[in-house]
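The values are calculated or read from the model by the stated rules, or taken from the named source; none is laboratory data. Quick caveat: nothing in here was measured; it's all calculated off a predicted structure. Reconstructed Cβ throughout: ideal geometry from the backbone, glycine too, with neighbour counts over all protein chains shown. Heads up: the accessible areas ignore ligands, DNA and RNA and are worked out on the full protein's heavy atoms, side chains in. Shrake-Rupley method; radii C 1.70, N 1.55, O 1.52, S 1.80 Å.
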Amino acid sequence: MQPFPGLLCLKAMTRWAAPEGFAEFVRGRHADLLRFAHVLCGDRYLAEDLVQDALERAGMAWRRIERQDNPEGYVRKTITNRYLNQIRVMRRERLTDRPPEIGTSQDDLPDDHLRRLLAGLPRQQRAVIVLRFYLDYSEAQIAETLGCSTGTVKSNASRAMAKLREALIPVKGGAR
Amino acid sequence: MTDLDDRLRMILQDDDFAMAGWQDPVARVGMGIRRRRRNRTLAIASAALAVAVGLPAAILWPVPGSDHGIIPYGDGGIVAAPALARRAPRPDTTPCEASNLGNHRVSGQTLYVANLGDKRCTLSAPATLDNGVVAGGRFAGDDKQYPATIDPGESARMDLAATACDRETSVRVLGVTLPLGKTCVTAAGAWYVEPPLLDAPLTVTIDAPAAVRSGQYFDYVVTVLNAMPGTFGLDACPKYLQTLGGSDAQWRRLDCDGHTSIPAHTALRFAMRAYVPAAHSAGGQIRLEWMAAMADGTVAASGVKLDVTA
């Protein structure tokens, strides 16, 4: 049976084949991007959503992005901004057969406390810390990625570090 | 470089954050891209369809307030005053009490007295003038309803046959004396009410120039809008009364240009013309009233104030 002509037309208009450069980029870089997104948001499922979303956006505008000569920077920036701005839109309930995480004692993981503190930082501050200590970005690069001033980057970094230091003092003193 | 910096670097580079790559990442991303392109194509097609259908409809649809479809002015000629529908007479109720009557005033040849109580009452008590004349009887006029059954705040009326004189007079009702001022009354009628006209379910608006010239004609537009969900039938084209500055006016036939109804949410617009009497001096204001009477006697009316210039 002949399909409805409108559907054929729609199918033709939405046909898409990955440009060779884009396919190569996705194959080669998606694992690193997943790790970056995981470090950034602390949730592996959300990290997958963020990377999928950012790569789809990049694929839609690949020719333009390729001309800018830094596709990975573009995708990382997209991931960061989607994480900061639209995290609530993307968040949805996900059923899983995995049991909840089992707690571990501080003796087993000495930096677990710091890890939890990091996860508890406001998103903007956490993003600054990740870009600085995971990607070794300069303040100017962080400001460009987040679309804010270097002053804002400095103040966010300073507040985040102060919070972490303050919270770590009792651990060092043996109070915990 | 501090200890905290090192610890942060170590944590963030930790293998705990490592994630397994996707099995076929290009196909996975490609599927999402195709979905996005399909959604975008549908959105563009929907927008184009909305513009293709909506734009001509918006242009062709008669919009109240636009210049589209104004019926030109034509003098339909003077006609007899129509019978206007008014609120049905109210049944008699508890007689009014003297303590609830007040705010009385004389305007022209009519005495008004209001019901200041909180209940509807009927004023039919006899009234006696200070010269001994007993009020009663009915003066001419079809709009009067006897006796006067009045709601709280509403006034009862009494017609007077009076002339100005140089002494204070009064009328006495229910033991209450109501001063009439320097008015010598020779006869007075019974208490009555003049019930309000019944409105047709139409909205009339007037678009007139802010200022008009004394002793000259001016044009304006009357919009009769049917804002209700059903069609309003025009069994006969309405008659209209145009009053400028309270001057005596005569009913005229409106030209409906063949329209026999006003569909729901649409309007008929009529070009109108009026003459500003030279007696109205420049610098003042004048009120333009326009009222249409339907075949069933219901009315639709509106009015605006205009500045008069030289």
If you check B:Arg138, B:Arg157, which single one turns out to be of a type in the set (Lys, Arg), assigned to a strand (DSSP E or B) and within 37 Å of the chain's Cα centre (by Cα)? B:Arg157
Mind counting the residues in the stretch B:186-211 that are open to solvent by less than 50 Å² (accessible area, probe 1.4 Å), under 21 Å from B:Ala271 (Cα atoms) and of a type in the set (Ser, Thr, Tyr)? 0
Candidates A:Arg44, A:Arg63, A:Arg57, A:Arg88, filtered to the one that is modelled with pLDDT under 90, farther than 26 Å from B:Gln13 by Cβ and within 14 Å of chain B (Cβ to nearest Cβ): A:Arg63
Output the number of residues of the stretch B:61-76 satisfying the condition of being open to solvent by 70 Å² or more (accessible area, probe 1.4 Å) and modelled with pLDDT of 70 or more. 3
Just one of (1) more than 8 Å from chain A (Cβ to nearest Cβ); (2) free of Cβ contacts under 8 Å to residues at least 60 places away in the same chain; (3) surrounded by fewer than 13 Cβ atoms within 10 Å (Cβ to Cβ) trips up B:Asp5, so point out which. (1)
Considering each residue of the stretch B:258-310, count those that are closer than 18 Å to B:Arg213 by Cβ and either out of contact with any Ser or Thr (no Cβ under 8 Å at 6 or more places or on another chain) or open to solvent by 20 Å² or more (accessible area, probe 1.4 Å) (or both), and give that number. 21
Would you call A:Val26 within 26 Å of A:Leu118 (Cβ to Cβ), within 14 Å of another protein chain (Cβ to nearest Cβ), at pLDDT 60 or above and in contact with a helix residue (DSSP H, G or I) (Cβ under 7 Å, 6 or more places away or on another chain)? no
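What residue, among those in the stretch B:83-118 that are of a type in the set (Lys, Arg) and part of a loop (DSSP other than H, G, I, E, B), is surrounded by the fewest Cβ atoms within 10 Å (Cβ to Cβ)?
B:Arg87
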Out of all the residues in the stretch B:123-182, which are basic (Lys, Arg) and closer than 26 Å to B:Pro196 by Cβ? B:Arg138, B:Lys144, B:Arg157
Considering every residue within the stretch A:104-115, establish whether at least one is modelled with pLDDT of 85 or more and either within 16 Å of the chain's Cα centre (by Cα) or open to solvent by less than 70 Å² (accessible area, probe 1.4 Å) (or both). no
Within the stretch B:214-228, which residues are over 20 Å from the mean Cα position of the chain (by Cα) and surrounded by 15 or more Cβ atoms within 10 Å (Cβ to Cβ)? B:Ser214, B:Phe218
Is it fair to say B:Ser170 is open to solvent by less than 40 Å² (accessible area, probe 1.4 Å) and in contact with a Pro (Cβ under 8 Å, 6 or more places away or on another chain)? yes
Hey, could you check the stretch B:14-27 for residues that are more than 7 Å from chain A (Cβ to nearest Cβ) and modelled with pLDDT of 85 or more and say which is farthest from A:Asp112 (Cα to Cα)? B:Ala27
